[in-house]
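**Q** Pasting a structure below so you can have a look.
What follows is calculated from the coordinates using simple rules that are stated; it is not laboratory data. Quick caveat, the model's predicted, so the values are computed rather than measured. When we count neighbours, we look across all protein chains shown, and the Cβ atoms used for this are built from the backbone with ideal geometry, even at glycine.
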Amino acid sequence: MVARATHEEEWLKFSPEERAAWSGFIRAHATIVKELDAELQAAHGLPLSSFDVLVQLSLALEGRMQMSELAEAVHLSRSGLTRMVDRLEHQGLIERHRGEDDPRQVFACITKSGLDRLAETTPTHLSGVRRGFLERLSRIQVEQLAVVWDQLLGSGTERGLGIRKTETRTQSSS
């Protein structure tokens, strides 16, 4: 009973608005991600986490990233990413290459098949994002959220893509 009382005491230090903001964020994130994942799985047999890897690689300079950078970009442990890359490589969607200057470095590179798969799945994903998230908010709320996410995540990311600006391809290299 003491643990429960302590737990409740700590939560009650937050205002009702703070509790609602935090718990709402957690529930909304989990619900929307689950819906987007289920939709991609049903329509294309591709999990959202794999889609994210393909997106990150497609936006990276020359379509490749060091495995450690990719793990950070998609919020997976290095071992979790290695297992995912194994699966995507087996499907022919990405390849691994050793660094030219340092063979200890390992890069994940998106393949033509990976880009084709991404082109096939992106409309489904974006439709789900619109339906499950953007269309439920006013334009002002979307703009406010963009400011909030930027404040929480720092200004080192390109808005909405979760990758550093220096890693994106320019129009001429696409």
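**Q** Measure nothing but the geometry: give the 0 to 90° angle between the long axis through the Cα atoms of 139-153 and the longest principal axis through the Cα atoms of the chain, rounded to 10°.
**A** It is inclined by approximately 80 degrees.
**Q** Then there is this: Any idea what the dipole of the stretch 19-133 comes to, in debye rounded to 20, about its Cα centre with Lys/Arg Cβ at +1 and Asp/Glu Cβ at -1?
**A** Here the size comes out at about 460 debye.
**Q** Using a ≥ b ≥ c from the Cα gyration tensor of the stretch 1-80 (square roots of the eigenvalues), is it rounded, prolate or oblate, where a/c under 1.5 gives rounded and otherwise the larger of a/b and b/c decides, a/b for prolate?
**A** Prolate, since a/c reaches 1.5 and a/b exceeds b/c.
**Q** Could you tell me what fraction of 2.2 N^0.38 Å the Cα radius of gyration of the stretch 81-149 comes to, as a two-decimal ratio?
**A** Compactness ratio reported: 1.62.
**Q** For a test of the definition: using alpha carbon positions, the gyration tensor, and the 1.5 limit on a/c, classify the stretch 43-95 as rounded, prolate or oblate.
**A** Note, shape of the stretch 43-95 comes out rounded.
**Q** Rounded to the nearest 500 deg cm²/dmol, what is the calculated helix-only ellipticity per residue at 222 nm for the chain, with -39500 (n - 2.57) per DSSP H run of length n ≥ 4?
**A** -20000 deg cm²/dmol
**Q** Around residue 40, what is the net charge, scoring Lys/Arg as +1 and Asp/Glu as -1 over all other residues with Cβ under 12 Å from its Cβ?
**A** Residues near residue 40 contribute -3 overall.
**Q** Can you order the peptides 69-76, 115-122 by their average number of other Cβ atoms within 10 Å per residue, highest first?
**A** 69-76, 115-122
**Q** So, one more: When only Cα pairs under 8 Å and 6 or more residues apart are kept, what is the percent relative contact order across the chain?
**A** Relative contact order here is 21 percent.
**Q** A further question follows. In degrees from 0 to 90, rounded to the nearest 10, what is the angle of the helix 78-90 Cα long axis to the longest principal axis of the chain?
**A** Helix 78-90 sits roughly 50 degrees off the main axis of the chain.
**Q** Using just the Cα positions, wrap the stretch 19-133 in a convex hull and report its mean projected area in square nanometres, one decimal place.
**A** 8.1 nm²
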